[in-house]
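Below is one structure, written out as structure tokens, with a few remarks after it.
The values are calculated or read from the model by the stated rules, or taken from the named source; none is laboratory data. Since we're looking at a predicted model, the values are computed, not measured. Here the Cβ positions follow ideal geometry from the backbone for every residue, glycine too, while neighbour counts run over all protein chains shown. Note: accessible area is taken over every heavy atom of the protein model, side chains too, but ligands, DNA and RNA are not part of it. Shrake-Rupley method; radii C 1.70, N 1.55, O 1.52, S 1.80 Å.
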Amino acid sequence: MDDVVPAGEGALFAFQAVSVGDPSAPILSAVTATVPATGITVVAGPSGAGKTTLLRLCNRLEVPSAGRVLLRGRDVATLDVLALRRRVGMVFQQPVLFGGTVRDNLRVAAPAADDATYARALELAALDAAMLDRDAAGLSGGEAQRACLARTLVTQPEVLLLDEPTSSLDAGPRRIFETAARSLADRGVPVLWVTHDEEQLRRLADFLLMLARGTVVSSGAAATVEGQPRGG
Amino acid sequence: MAGDVNAAGVVASLTLVAVAVAVSRWRGLRLERAIVVAAVRALGQLLVVGVALTLVLDPDRPLVWSWLWVAGMTAFAADIVRRRAPEVPGVLPLALLAFAAAAVVTLGAIFGLGVFPVEGRTVVPLAGMMVGNSMNATVVAARRLVEELRDRRAEVEARLALGQPSGTAARPYLARTLRTALTPQVETTKAVGLVFLPGAMTGLILAGVDPLDAVLVQAVVMFLVLGSTATATTVVALGLVRRLFTPDHRLVPLLRPAEG
């Protein structure tokens, strides 16, 4: 299977022979792959395949034991890590909100921003601006995860990493979150979405990166990857 | 001033150890042996310390012996912290640093401001109060911070993923830790005199010192302990934050303490 884009120029992320973990039991083993700079790239594979680790390499919450990860052609290890993490936003599997109101949460990400900026981030995450004064602890699961998305968006990231963000949500809130992510991708914010849900993969993937046991088993435009037709 | 307790008095007080042993036997606690060993050991240690202190605190002996005693005490205390907080990485050098900082701050203030004269008979007991009383809080601070960061890893990583530096990301957990470690000492300070009569004051009164003089000494000791506890816990917690995050702002893997 060919890479979607050649490594280096044009690719959003390029993984070059990336390994993570003890060589005797690696989490990722010499992974070479690229992620395009547009649309939604779904990272799929069974549990324990190394999907989350691959995602965490992109914002340096994880570091490779061998190989390099490039962001737009530059080794992420050479970039200022704090600036990198603001460029590469991440939403985790379980919604994690800090104490206080939704506004307090957004303020953690962007202390100097005003309410209009916060409201805009909420809107992009399919939440109403009136949510700003809500106690974060009182939000439903779907609202909480979208508040996490808004908190990430308020730093104006140029790419989004979503680590199974809807795995704990019911069908309704899951669809709302997916629509919000699709809309962000259409506005030019590429998304890396980890999932093990095949239906979700079909709904969302423009590009696909399939992992198994720490290696890439297939990658490419979703419509072309064997056995993974793009659903409507 | 001469103490009123002679050897016969000490032997008589052992009947109280017998009470503890009796309670253990009556309720099937199986602590009899441990109680006897603890009592004998305490008595032995105190006698050795008494003899050694008599030598060290001799007014004709150079003050350097007193400071060496303090250094030894600090090293012992740091080792106790290490044994009581085995799951905390690198806690021994941090505890040493914490007690050293607490000594500099508190003894520096007490002697620098002329509250007590710098003599063997003041340096050793004050340093003992300082180290002994801040040891528990230091253990609590070290263990609690590791526990907070380990159990709230998801929250901490969410903060890091937003671009917060590790010091900022750890701040809420650091504050909670220090509050937990310091609160007992603050409560003790509040209740002193009303609920209990603390050791230094009790000892002075038993030794025949005027209660008002004893109270003034106790007040200084309480403030010394409060200051040293605050200093030692802050140093150990700030040092741990540096130890528990990598230079590129990742939280290191943290183990749970072994069971039992």
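List of remarks:
- A Förster radius of 51 Å combined with the Cβ-Cβ distance from B:Ala219 to A:Arg202 puts the calculated FRET efficiency at roughly 0.10.
- Choice from A:Ala77, A:Ala205, A:Ala121 with maximal GNM fluctuation in chain A (Cα, 10 Å cutoff): A:Ala77
- Global geometry of the protein assembly as shown, whether rounded, prolate or oblate, following the gyration tensor of its Cα atoms and the 1.5 cut on a/c: prolate
- The mean count of C-beta atoms from other chains within 10 Å of the C-beta of residues in A:57-65, rounded to a whole number, is 2.
- Note on chain B: GNM, Cα springs under 10 Å; of B:Leu68, B:Leu43, B:Leu97, the largest mean-square fluctuation is that of B:Leu43.
- Theoretical gain in end-to-end length, A:Asp22 to A:Arg175 [0.36 nm per residue, Cα-Cα removed]: 51.3 nm
- Only the Cβ atoms of Lys and Arg (+1) and of Asp and Glu (-1) were treated as charged; on that basis the dipole of region B:148-221 about its Cα centre amounts to roughly 440 debye.
- Other-chain or far-sequence residues with amide H under 5 Å of B:Arg250's (modelled H): none
- For chain A, accessible area per residue (1.4 Å probe, heavy atoms of protein chains only), Å²: 41 Å²
- Phi-based couplings in Hz for region B:205-210 (Karplus 6.51, -1.76, 1.60; Gly and Pro marked x): 5, 4, 7, x, 6, 4
- Magnitude of the charge dipole, chain B, Cβ model with Lys/Arg +1 and Asp/Glu -1, debye to 20: 1020 debye
- In a fully extended conformation the segment linking B:Leu194 and B:Arg25 would gain 57.4 nm over its present Cα-Cα distance, using 0.36 nm per residue.
- Each of B:Ala18 and B:Val64 was given a label point 7 Å from its Cα along the Cα-to-Cβ line. The distance between the two points is 5.0 nm.
- GNM top mover of B:Arg171, B:Arg82, B:Arg25 - chain B, alpha-carbon springs below 10 Å: B:Arg25
- Neighbours of B:Val17 by Cβ distance under 15 Å: Lys/Arg scored +1, Asp/Glu scored -1, total +2.
- FRET efficiency for the B:Ala42 to B:Arg83 pair, using the beta carbon distance and R₀ = 22 Å, is estimated at 0.75.
- Each residue of region B:86-101 was assigned a 3J(HN,Hα) from its phi angle through the Karplus curve 6.51 cos²θ - 1.76 cosθ + 1.60 (θ = phi - 60°); the sequence is x, 7, 8, x, x, 6, 4, x, 5, 5, 4, 4, 5, 5, 4, 5 Hz, with glycine and proline shown as x.
- Helical content of chain B, expressed as a calculated mean residue ellipticity at 222 nm, amounts to -26500 deg cm²/dmol (DSSP H runs of 4 or more residues, -39,500 (n - 2.57) each, divided by residue number, nearest 500).
- Rolling a 1.4 Å probe over the heavy atoms of the protein chains gives region B:1-56 an accessible area of 81 Å² per residue.
- Interface burial in region B:142-173 reaches 10 Å² or more for B:Ala154, B:Glu155, B:Glu157, B:Ala158, B:Arg159, B:Leu160, B:Ala161, B:Leu162, B:Gly163, B:Gln164, B:Pro165, comparing the full protein assembly with the chain by itself; accessible area from heavy atoms with a 1.4 Å probe.
- Minimum 40 Å² accessible area buried by the other protein chains, region A:68-115 residues, probe 1.4 Å, relative to alone: A:Leu82, A:Arg85, A:Phe92, A:Val96, A:Phe98, A:Val108
- Overall, the accessible surface of region B:1-56 at a probe of 1.4 angstrom is composed of carbon and sulfur to the extent of 72 percent.
- Accessible area of region B:117-204 divided out per residue, in Å², using a probe of 1.4 angstrom: 42 Å²
- For the pair A and B, the buried accessible area comes to roughly 1500 Å² in total, with a 1.4 Å probe and the value rounded to the nearest 100.
- Three-way shape call for region A:134-192 based on the alpha-carbon gyration tensor, with the a/c threshold at 1.5: oblate
- Apolar share of the accessible surface for chain A: 50 percent from carbon plus sulfur atoms, 1.4 Å probe.
- In region B:27-92, a dipole from Cβ-located charges (positive for Lys and Arg, negative for Asp and Glu) runs towards its positive end, and of B:Pro86, B:Pro59, B:Ala71 it is B:Pro86 whose Cα lies farthest in that direction.
- If R0 is taken as 45 Å, the Cβ-Cβ distance between B:Val186 and A:Leu79 corresponds to a FRET efficiency of 0.50.
- Region A:56-211 shape via C-alpha gyration tensor axes, a/c threshold 1.5: oblate
- Stokes-Einstein translational diffusion, region B:61-259 - Kirkwood Rh over all Cα pairs, 1.567 mPa s, 4 °C, in µm²/s: 72 µm²/s
- In a fully extended conformation the segment linking B:Arg256 and B:Asp4 would gain 85.8 nm over its present Cα-Cα distance, using 0.36 nm per residue.
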